[in-house]
Amino acid sequence: MEIGIQDSGQPMRRIFGPIFVVTAAMFAAAPYLIANAPYESTMGLVQKIFYFHVPSWFAMFTGVFVAGIYGAIFLFRGDPKADRVASSAAEIAVLFGLMGLVTGPLWGRKSWGVWWQWDAHLTMALLVELIFIGYLIVRKYGGLGSEKLSAAVAIFGMANIPFVYLSANIWRTLHPPTSVVPTLPSAMGGPFWFCVAAFMLLFAVLFMLRLQLENQRAALDALYLEEE
Amino acid sequence: MIPDFDRVSLKGIARHYGRRRALSGITLTVHGGEIVGLLGPNGAGKSTLIGVLATLVAPSSGELRFGGLSPREAAVRGRIGLLAHELHLYGELTAHENLAFFAGLYGLDPGAAVGAALERAGLSERAHDEVASFSRGMRQRLALERALLHRPRLLLLDEPFTGLDDAAVGFVVDRLRRLAADGCIIVVATHDLDVADGLVTRVALIRGGRLVSDEPAGAGLRARYRSLVGHA
Amino acid sequence: MFARIALLVLRKDVAIEVRSREILYTTLFFAVSCVLVFAFALVREGQVAEDVPAGILWIAIAFAGTLALGRTFERERYGETIRALLLAPAPRSAIFVGKMLGVVALLVVAEVLLVPIVALMFDAGGLFARPILFAGLLAAGTIGFSAVGTLFAAMLMRSRTRDVLLPILLYPITVPVIIAGVRGTAALLQPAPDEAMAEMWLGILVSFDIVFVTLALWTFEPLMTE
């Protein structure tokens, strides 16, 4: 039985403070940077959504990959720590996914004139979001031993991404091409990458908090089992 | 080469689901020739323990060994026989088809193994009838022979006597005694004290996922069960 | 050894199905009902849009497939025969392949009936214009759907909520199969069949099959240990 939660949590707790402060500072600074970034003439103010929209996908897919990889580790090694990492990451992936799915249509309304557009990137994100909501549903309603079932969902969901992307991409393509990101004018690229970094840090902060909660819960369960 | 073993040992086996504990700190070694009665009230963890012994349920912690073999070796499964309250038979298939299918799974020559098993179950005449048309007793006899088709070293029975009449119980008890005499390791989970009383050579009482007593069978099983488990 | 066990499991499932025909008949009837329901929704003034028959065909296959998967594993759960299968010393992935082939066989039979019905009802004779390519799309799509479906249906046997969880998990993950199947079929249904397009979708389906059959074989063993 592993009750070594205190030990494993310690290094995480040490770096949590600094990361939290940096993240907070970056989010405080972001509005100024975004406001001062060049005004994009065709899209107007709505273009600024881009600074939130794209970074939330970065964070979501990070969560998805962490969940998939740790899901596989849990499935084959049976280490409950890996399951805690995977489930925390999956939950936060769903959160950032929702953020992307809310900001996407705002962009779409201005750019394409409709709230929802079946464009490749948005379709892919929607499906991955659905798969990981399925992950959370399995954990909640799957009954005893649903950790293993959810691990399979994470692995299959991760492996599915290239196929969803490919099929949705050929099916429909309306999105500003992916190459827009590296070739941004540097006056826009600077704030954009700043926002990506801020979102990734936010992901890290939320992930650490979530994992800490999961670890505490496991420690509590272990104590409870011992006491009984 | 089929692997073999002469004992099964559990060391500190625990299985929990979050906060729900199914098994905790089970340490037990069973040798060939023994018939261990796993007794306890409903929900005590008997079925989970049978599942762990069958390698179908992975313990959360602790060690399970089959003699010198690890449960991870797939070949070990070929030496385990399992019979539960649910009979592991396909109702749509005939007795013969059921046995032939499982013989195939175990890589046995169906011709010889199936005929002998039907004979022992006393079902030779109904070999080509669908199992769904059998009575509970007939099904149970067939299920037992199915579980024994590959001559397992370890035989696990989970509530095998439910719904059987006296004659059928007698048949099963008799068969188990002879198997034990041949060196088979037998574990029977049941809450039926009357049947267990005459059959088992050793009694393991389990309650709340813990092993509360482990001793040779003897007189006064009912009294001890009552004092350790509460009611009988 | 592997192939022998897989075939043994397949033969057993076929023998049961030949005797009861329950899954086959219910699945077929359900598939035909699906086609009708979609027809009422999508046919206007006796006409359908060009791509509609392809969509109806694949949706009917996916829905009927879910039903067949659920029933197939309900049969293994009843009497807990699945535990007896898992306890055999055979490689568990062989048991997976046997069960998957059983589902594929059921769906192929359903498709043999569905395709002519769709072709007749929606005047989609183009389905038979390039029979080999179309059969390839159907086969690759069916295998991909069945691979993911068999793994999920098998692992969900332990869960009390399996009936709802199976479609919830299966549909989002098999969307690439549906898109590729529908688009590939639609390409063949055009007045001038676009073979290059259909071949490209077939390629995507085949790579989906390779990835997901491999994944399922790899994860089946640990997933089936409680």
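Per q in 0.13, 0.21 1/Å, what log10 I(q)/I(0) does a Debye calculation on the alpha-carbon atoms of the stretch B:1-104 return?
Each listed q corresponds, in turn, to -0.57, -1.19.
Do you know which residues of the stretch C:159-194 lose at least 20 square angstrom of accessible area in the protein assembly compared with their chain on its own, with a 1.4 angstrom probe?
C:Ser159, C:Thr161, C:Leu165, C:Ile168, C:Leu169, C:Pro172, C:Ile173, C:Val175, C:Pro176, C:Ile179, C:Arg183
Which three lengths, in whole Å and largest first, does chain C cover when its Cα atoms are put on their principal axes?
So the extents along the principal axes, rounded to whole Å, are 56, 32, 29.
Where does helix C:92-121 land angle-wise versus the long Cα axis of chain C, in degrees 0 to 90, nearest 10?
Here the helix axis deviates by roughly 20 degrees.
Per DSSP H run of at least 4 residues, take -39500 (n - 2.57); add these up for chain C, divide by its residues and hand me the 222 nm value, nearest 500 deg cm²/dmol. Display every interim value, and only then the final one.
Values: 8 runs with 186 residues, N = 226.
It lands at -29000 deg cm²/dmol.
List the lysines whose alpha-carbon lies under 18 Å from that of C:Lys12, not counting same-chain residues fewer than 8 positions away?
C:Lys99
With N denoting the number of residues in the stretch B:156-232, provide Rg(C-alpha) divided by 2.2 N^0.38 Å, to two decimal places.
Working: Rg = 12.7 Å, N = 77, 2.2 N^0.38 = 11.5 Å.
The value comes to 1.11.
Picking from A:Met208, A:Phe132, A:Ala120, whose Cα lies most toward the positive end of the charge dipole for the stretch A:46-227 (charges on Cβ: Lys, Arg +1; Asp, Glu -1)?
A:Ala120
Tell me, what is the per residue accessible area of the protein assembly as shown in Å², probe radius 1.4 Å?
Working: 28670 Å² over 686 residues.
Using a 1.4 Å probe on heavy atoms only, each residue of the protein assembly as shown averages 42 Å².
Give me Rg over Rh for chain A, both radii from the alpha carbons and Rh done the Kirkwood way, two decimal places.
On the way: Rg = 19.6 Å, Rh = 19.1 Å.
Dividing the radius of gyration by the Kirkwood radius yields 1.02.
Which lysines have a Cα lying under 21 Å from the Cα of B:Lys46, excluding residues fewer than 8 positions away in the same chain?
B:Lys11
Return the carbon/sulfur percentage of the accessible area of the stretch C:2-224, one whole number, probe 1.4 Å, all protein chains in place.
Values: 6040 of 8690 Å².
Within the stretch C:2-224, the accessible surface is 70 percent carbon and sulfur.
Nearest 100 Å² is fine: how much accessible area is buried between A and C, summed over both sides, with a 1.4 Å probe? Intermediate results must be reported in sequence, preceding the final value.
Numbers: alone 12360 and 11430 Å², together 21210 Å².
It comes to approximately 2600 Å² buried between A and C.
Report the accessible surface area buried between chains B and C, summing both sides, using a 1.4 Å probe on protein heavy atoms only, in Å² rounded to the nearest 100. Walk me through the intermediate numbers first.
Numbers: alone 10880 and 11430 Å², together 19750 Å².
Buried area (both sides, nearest 100 Å²): 2600 Å².
May I have the count of lysine pairs in chain A with C-alpha atoms under 29 Å apart, counting pairs 8 or more residues apart or located on different chains? Show your work: numbers first, answer last.
On the way: A:Lys48/A:Lys110; A:Lys81/A:Lys140; A:Lys81/A:Lys148; A:Lys140/A:Lys148.
Qualifying lysine pairs in chain A: 4.
Hey, any idea what the orientation-averaged projected area of the convex hull of the protein assembly as shown's Cα atoms comes to, in nm²?
Details: hull surface 139.6 nm².
Taking a quarter of the hull surface, the average projection is 34.9 nm².
Any idea what angle helix C:195-224 forms with the longest principal axis of chain C, computed on alpha-carbon atoms, 0 to 90 degrees, nearest 10?
20
Angle check, please: helix A:50-77 long axis (alpha carbons) against the longest principal axis of chain A (alpha carbons), in degrees 0 to 90, nearest 10.
The two axes meet at around 30 degrees.
Cα convex hull of chain B: mean projected area in nm², to one decimal? If you can, show how the numbers build up before the last one.
Values: hull surface 50.5 nm².
Across all orientations, chain B yields a mean hull projection of 12.6 nm².
The values are calculated or read from the model by the stated rules, or taken from the named source; none is laboratory data. In this text, all values refer to a predicted model and were calculated from it rather than measured experimentally. We place every Cβ from the backbone using ideal geometry, glycine too, and count neighbours over all the protein chains shown. For the accessible areas, the whole protein counts, side chains as well, though only heavy atoms, and no ligand, DNA or RNA atoms are used. Shrake-Rupley method; radii C 1.70, N 1.55, O 1.52, S 1.80 Å.
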